[in-house]
Structures are given as C-alpha cells and as structure tokens.
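All remarks here apply to the structure that follows.
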Amino acid sequence: MQTYLFICLIVFLAGFTQGLSGFGSVLLSLPLLAIFIDIKTVIPLVALIGLSITIMLLVQMWKHLDWKKIYPLFLGSFPGVPIGVFFLKILDKDMIQWILGVILIVYSIYSLFFRSQSKGIRERWAYVYGFFAGCLGGALSAAGPPVIIYTSLQDWTKDKIKVTLQGFFVVSGSVVVFFQAVSGLTTLSVLRYFLVSMPLLILGTYVGSFFYGKINEKDYKRIILILLALLGVFMIYRTM
C-alpha cells in the first residue's frame, strides 16, 4: 500500500512538472519510480504516463496547434534514428549521455545569463533539430532535448512553444508505446500501476496547467532553461 502511495505522489509531480513547462515528466518520474519498482516495469509505465500527459495538454491547447511546425521536426527525426543506433553500437553509452548533459548545462547557463533577446531562427532549422532528436532517440531514447532547444530559440509565444512540444511528444510517444505493447513490455503489472495512479496524474497535470497560466512569457522561457539544465545534470549523474 505504501508503495502505491509513493508511486501516485511521483506521478502527481510528473504531471505537475509537464503541465507547467511542457516537458520533464520522464526526467522526474523515471529515477524516482525505479526506487520502488523494477526498471523493466518503470520504462513502459513512464512511457504511458508521458503519453497520457501530452494527450491531455494537447487537448487543452488544441486551438494553438499548428501541425506545420511539428511535421518538419518529426520528418527530420526519421533518418536520425538509425544513425543514433549506429553510434550507440560504436560509442560508449555513458560517454554520449555525459556529452549531452554538458551541452544542455552550458546552453542553459549561456541562455539564462549571457544571450541577448532572441529574434528567433528560421523554421527550416526544424529538420536539423529533428534529425538530432532522432539521433538521440535512437541512441538514448531521449529525443526531447533538441526539440526543446529549438522551440526555446524561437520568438513564439509560450502557448505555441508548449503545444509544439506536445505535438512532437504525442507522435513520438505513441510510436514508443505501440512497440512496447507489441513486444510484451506493457504487462498487466504496468497497466495496474498506471490505472491506480491515473487520478493523481490527471490532477497533477491540471494543477501544473493552472500555474502555467499564471506565468508570463519571459518567466516561462526561464523555466524551460532551468529544467533543461536539470536534465543535463540528471544525464551526467546517470553516468556515475
């Protein structure tokens, strides 16, 4: 019973984090859930949690959705996946994570303290960032950081940033959940944990969304950069 309570609390925090920022549920939930349940159960459980949150947020923000901003990211990711798998085979996984962690920390600190106000970058760069997202997805199952960086470099509103992230994550997350289910990783135990935690998942997501509505554009981009830095720290920590 105590284990279920801790799991529900973690899922609430995961929903709150992504409801507030648009990402971060995996960053928060995966290492914490692994303390209480087996990692082979955690991975498909986190995939279901992440997909559920993105669907809820996408429904909330549907009027801001522009698929033209999402499909270049997704198309660019396709050729990157096999390249990422190739590098995973020839390079040490911990080295890849360490390098990515350092890049995220340096980028976040630079953007927070030194970079002047961004005027945005051309949207054709979406294919490039999507490609790197595919590479990281193939190598580390972590396609998010390049897409998060790309959206943070745009001069979009916070709603456009957040809904673009959800659009990318819901497509990529659906693919992951489908293949995990087909391969038998999504067991009855995974589904039981998921269903038990669903009420707090919904509550956490809506509470995070409520506070998201209270922050301005500038503070929202700061939150993105701070969470990116924390993601970098987490990746470096996993190599130790």
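Rundown of residues vs (1) in contact with a strand residue (DSSP E or B) (Cβ under 9 Å, 6 or more places away or on another chain); (2) surrounded by fewer than 22 Cβ atoms within 10 Å (Cβ to Cβ); (3) modelled with pLDDT under 80; (4) outside any helix (DSSP H, G or I), yes/no style:
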{"residue": "T3", "(1), (2), (3), (4)": "no, yes, yes, no"}
{"residue": "F6", "(1), (2), (3), (4)": "no, yes, no, no"}
{"residue": "I35", "(1), (2), (3), (4)": "no, yes, no, no"}
{"residue": "I43", "(1), (2), (3), (4)": "no, yes, no, no"}
{"residue": "L51", "(1), (2), (3), (4)": "no, yes, no, no"}
{"residue": "K68", "(1), (2), (3), (4)": "no, yes, no, no"}
{"residue": "P72", "(1), (2), (3), (4)": "no, yes, no, no"}
{"residue": "I96", "(1), (2), (3), (4)": "no, yes, yes, no"}
{"residue": "K119", "(1), (2), (3), (4)": "no, yes, yes, yes"}
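Residue by residue through region 178-198, note down the ones that are within 30 Å of T151 (Cβ to Cβ) and either loosely packed, with under 14 Cβ neighbours inside 10 Å or of a type in the set (K, R) (or both).
F178, F179
Criterion first (touching a Ser or Thr at 6+ places or on another chain (Cβ under 6 Å) and farther than 20 Å from I37 by Cα) does I161 satisfy it? Please lay out each step first, then the result.
On the way: touching a Ser or Thr at 6+ places or on another chain (Cβ under 6 Å): yes; farther than 20 Å from I37 by Cα: yes.
So I161 passes the test.
Go through V46, V59 for me and flag whichever is of a type in the set (V, I, T) and under 26 Å from V233 (Cβ atoms).
Exactly one residue qualifies, and that residue is V46.
The values are calculated or read from the model by the stated rules, or taken from the named source; none is laboratory data. Please read these numbers as outputs of a predicted model, since none were measured by experiment. A quick note on method: Cβ atoms are made from the backbone with ideal geometry, for glycine too, and the neighbour counts reach across all protein chains shown.
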